[in-house]
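Visitor: Submitted below is the structure of interest, expressed as structure tokens.
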Amino acid sequence: MTWSLVFHALEQGLVFGIMALGVYITFQILDFPDLSVDGSFPLGAAITAKIIFSGGHPLIAIVWAIIGGVLAGGLTAFFHTRLKFTNLLSGILTMTLLYSVNLRIMGKSNIPLLGKITILDNIKSLLPSFSHDQLTPVLFLFIVLLVKILLDYFLSTELGMAIRATGDNEQMIRSLGVDTKFTKIIGLCISNGMVALSGSLFAQYSGFADVGMGIGTIVAGLASVIIGHSIIKNGSIGWMTFSVILGSIIYRATVMVALRYGYRLGFQPGDLKLISVVLVVIALTFPMFRGRIRAIVASNGSNGMENK
Amino acid sequence: MRMNLKKSTVFMISSVIFFAVALLLMSGTVCAAPLKIGISQIVEHPALDNCRDGFVAGMEEAGYLAGEDVIYDFQNAQGEFSNAISIAQKFKDDNVDIIVAISTPIAQAAAQVTSEIPIIIGAITDPVAANIAERWESSGNNITGMSDAAPNEAQLKLIPRFFPEATRVGTIYNAGEANSVVQVELSREICQELGLELVEVTASNSSEVLMAAQSLAGRIDMFYIVTDNVAVSAFSSIVKVSLEEKIPIIVADPTFVPEGGLTSFGIDYFTLGQKSAEKAVQVLEGKLPTEIPIGKLEEPEDLKFVINLDIAEQLGLEIPLELLEEVDSIVLSGMSWNREK
């Protein structure tokens with residue numbers, strides 16, 4: 001694997017890492033299986049593409065994308081908390097209606113952004129001595145770390161604690177006088193805002209927005225969260241959020257490996273999903289094997305002792 | 001007074017009836033009630049939109065003006081096959097004169113719902129494989145129209161002419177799209193005959209295309225992109241990799257050459273729509289759909305040869321002069337320049 005491929009996997013791992021952090025907030029912290037993600041990711045991309053395409057500043061596009069995502073999360077929360085729909089249905093409804101909303105925003109199914117000024121070009125013009133290849137991973141790393149630090153801080157505030165407690169034990173925290181409807185609304189808004197930010201950055205990085213680009217976002221997000229958690233067992237918030245980003249990078253790297261080397265093992269192009277899943281399973285079971293191997297080594301050692 | 005009033009009322013009513021009947025008779029002979037045509041496509045997509053617009057333009061050329069002679073009912077299934085069925089049922093309930101089915105699932109749904117209303121297909125790659133027609137020459141049912149089967153052979157034969165040194169061709173497609181799988185299998189055979197190796201990667205969704213394109217860098221001399229919905233939705237991503245890694249793109253659909261492809265020798269979906277309209281006109285003139293063969297755009301005069309000179313310059317390529325003499329259209333300084341045929 002050449003270095004440029006490693007960097008490409010890293011860049012995409014970081015961009016989708018923000019989305020995975022959003023998924024982490026709902027699925028893990030809030031214990032709310034929010035499927036609106038498949039709609040809010042392309043929503044962020046759609047808003048960004050529309051604004052940049054019509055000549056707006058990329059930074060403004062990013063801000064509006066986040067606002068759009070927050071509103072989408074708010075809508076899911078509204079369905080769930082006010083209209084009393086189940087959490088799954090609320091997410092599905094938002095995801096479904098966002099398809100039409102995204103089409104409305106873009107006015108067509110696909111907006112190409114090649115040749116338009118994106119945030120990457122803005123940064124490049126500030127630092128002309130560096131190339132795109134050098135700046136892109138650094139910029140994404142910076143943004144992801146910024147998001148992570150803000151999120152870590154937020155989750156340690158009183159409100160953040162209340163959100164975490166809502167997911168851990170809703171009845172208990174409600175008996176303490178916390179409005180769990182409110183904590184859910186805030187959690188969903190932040191989560192979808194982050195997912196939309198991820199969509200916005202991905203649109204600028206990959207050069208297009210498309211109504212179909214959100215399909216399967218939730219799967220990638222969940223996979224990243226789970227891979228990360230299985231590798232880093234430390235339960236503190238700072239490590240958990242770090243593990244999610246790491247999980248996202250590993251997930252993208254496995255896809256890259258499957259794309260690049262799958263054929264050497266006799267796989268057909270259509271087997272891509274299968275190879276990715278196999279690689280993910282290996283990544284997931286690796287810590288278990290490590291434990292097993294240790295246990296075997298340890299028991300062999302003790303057996304040896306007894307025999308003596 | 002009362003009598004007079006009654007008389008005048010009777011007179012008025014009878015004269016109104018007389019005029020109404022006269023009007024009805026006149027409209028029956030002079031201009032029939034406008035035709036109702038239901039047009040449906042599976043998803044918003046530049047190629048499918050062009051096909052639809054081409055159909056309307058083709059009808060207009062044949063003298064069927066939109067809004068006057070024809071009332072169109074445009075529908076879109078928004079990517080969901082279940083919607084395709086509902087739309088077909090709506091067309092049947094509305095008793096439209098013709099259904100125009102753009103894309104395979106729409107045609108399958110329409111064929112499922114009605115075996116009476118004539119169905120004009122547009123942009124269906126292989127109607128026989130899709131099980132909506134018995135043979136290309138005659139569907140054996142209420143279907144006729146145009147196929148958008150890409151002329152893969154003509155396109156791949158361009159490669160040695162552009163790049164005599166090339167040995168490896170990379171393609172990106174969605175393994176879940178039957179239409180793409182057929183094209184890739186065919187391309188593999190043609191590549192073998194031409195002494196080329198086809199390197200294949202897949203992407204099941206437009207956000208995966210970028211990584212698929214990146215994974216091909218260093219393994220291929222050029223991209224060949226078939227008419228795959230996922231790959232063309234993320235065409236900008238492929239262009240990004242093309243420019244970064246200096247790998248030219250040959251694209252099956254000429255619509256995408258101005259977007260950053262180097263060249264195409266392919267079907268113009270607008271022309272395809274116009275040709276579908278010709279089939280519809282034949283049906284309106286009284287022919288049965290079974291009597292009208294399903295057409296393909298294969299003749300060189302129906303295909304469009306496009307070269308993007310901006311991209312050639314960015315990739316540092318020199319286009320052989322004899323190829324430039326054959327082009328129908330070039331892209332230069334961000335503009336398309338067409339040559340009269």
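No lab work stands behind these numbers, since they all come straight from the coordinates. Remember, predicted model here, so these are calculated numbers, not experimental data. Glycine also receives a Cβ, built like all others from the backbone with ideal geometry; neighbour counts cover every protein chain displayed.
Visitor: If you take each beta carbon of peptide A:99-109 and count the beta carbons of other chains within 10 angstrom, what is the mean?
Guide: Neighbouring Cβ atoms belonging to other protein chains average 2 per residue here.
Visitor: Treating only the Cβ of Lys, Arg, Asp and Glu as charged (+1, +1, -1, -1), what charge dipole size does chain A show about its Cα centre? Round to the nearest 20 debye.
Guide: Roughly 300 debye, rounded to the nearest 20.
Visitor: Can you tell me what the convex hull of the Cα atoms of chain B projects to on average, as an area in nm²?
Guide: That works out to 22.3 nm², a quarter of the Cα hull's surface.
Visitor: Quick one: B:Asp94, B:Asp148, B:Asp73, fewest Cβ neighbours within 10 Å first, how do they rank? Write out the running numbers ahead of the final one.
Guide: On the way: B:Asp94 12, B:Asp148 27, B:Asp73 16.
Final ranking by Cβ density, sparse to dense: B:Asp94, B:Asp73, B:Asp148.
Visitor: Restricting things to Cα coordinates, could you compute the convex hull volume per residue of segment A:3-298 in Å³? Walk me through the intermediate numbers first.
Guide: Working: hull volume 47.0 nm³, N = 296.
Convex hull volume per residue, Cα atoms: 159 Å³.
Visitor: How would segment B:172-249 be classified by its alpha-carbon gyration tensor: rounded, prolate or oblate, with rounded meaning a/c under 1.5 and the a/b versus b/c comparison settling the rest?
Guide: oblate
Visitor: Apply the Karplus parameterisation 6.51 cos²θ - 1.76 cosθ + 1.60, with θ equal to phi minus 60°, to every residue of segment B:70-75 and state each ³J(HN,Hα) to the nearest whole Hz, in sequence, with x for glycine and proline.
Guide: 10, 10, 8, 10, 8, 10
Visitor: Okay, next question. Which order results if A:Met256, A:Met240, A:Met161 are arranged by neighbouring Cβ count within 10 Å, fewest first?
Guide: Ordered by Cβ neighbours within 10 Å, fewest first: A:Met161, A:Met240, A:Met256.
Visitor: Here is a follow-up. Say we join alpha carbon atoms closer than 10 Å with springs in a Gaussian network model of chain A; which of A:Ser230, A:Ser191, A:Ser40 then has the biggest fluctuation?
Guide: Greatest mean-square fluctuation among the candidates belongs to A:Ser230.
Visitor: Order of A:Arg104, B:Arg188 from fewest to most other C-beta atoms within 10 Å?
Guide: Result, fewest neighbours first: A:Arg104, B:Arg188.
Visitor: Now for a separate question. Straight distance only, please: which lysines reach the Cα of A:Lys124 with their own Cα at less than 19 Å, same-chain residues fewer than 8 apart left out?
Guide: A:Lys116, B:Lys240
Visitor: Something else: For segment B:64-192, which semi-axes, largest first and in whole Å, follow from the square roots of 5 times the eigenvalues of its Cα gyration tensor?
Guide: Rounded to whole Å, the semi-axes are 35, 15, 14.
Visitor: Report the equivalent ellipsoid semi-axes for segment A:108-248 in whole Å, largest first, defined as the square roots of five times the eigenvalues of the gyration tensor built from alpha carbon atoms. Display every interim value, and only then the final one.
Guide: Values: eigenvalues 220, 66, 45 Å².
Gyration-tensor ellipsoid for segment A:108-248: 33, 18, 15 Å.
Visitor: Something else now. If packing is taken as the average count of other Cβ atoms within 10 Å, what order do B:291-297, A:22-28, A:215-221, B:106-112 fall into, highest mean first?
Guide: My ranking of the peptides, most packed first, is A:22-28, B:106-112, A:215-221, B:291-297.
Visitor: Please give the average number of partner chain Cβ atoms lying within 10 Å of the Cβ of each residue in B:231-244, rounded to a whole number.
Guide: 5
Visitor: With Rg and the Kirkwood Rh both taken from Cα atoms, where does Rg over Rh land for the protein assembly as shown?
Guide: Values: Rg = 29.4 Å, Rh = 27.5 Å.
Over the Cα atoms of the protein assembly as shown, Rg/Rh equals 1.07.
Visitor: Continuing with the same structure: What are the ³J(HN,Hα) values, in whole Hz, obtained from phi via the Karplus relation 6.51 cos²θ - 1.76 cosθ + 1.60 with θ = phi - 60°, for each residue of segment A:47-64 in sequence order, with x given for Gly and Pro?
Guide: With coefficients 6.51, -1.76 and 1.60, one gets 4, 4, 4, 4, 5, 5, 5, 8, x, x, 6, x, 5, 5, 4, 5, 4, 5 Hz.
Visitor: GNM, chain B, Cα, under 10 Å: largest mean-square fluctuation among B:Leu158, B:Leu323, B:Leu272?
Guide: Ranking B:Leu158, B:Leu323, B:Leu272 by mean-square fluctuation puts B:Leu323 first.
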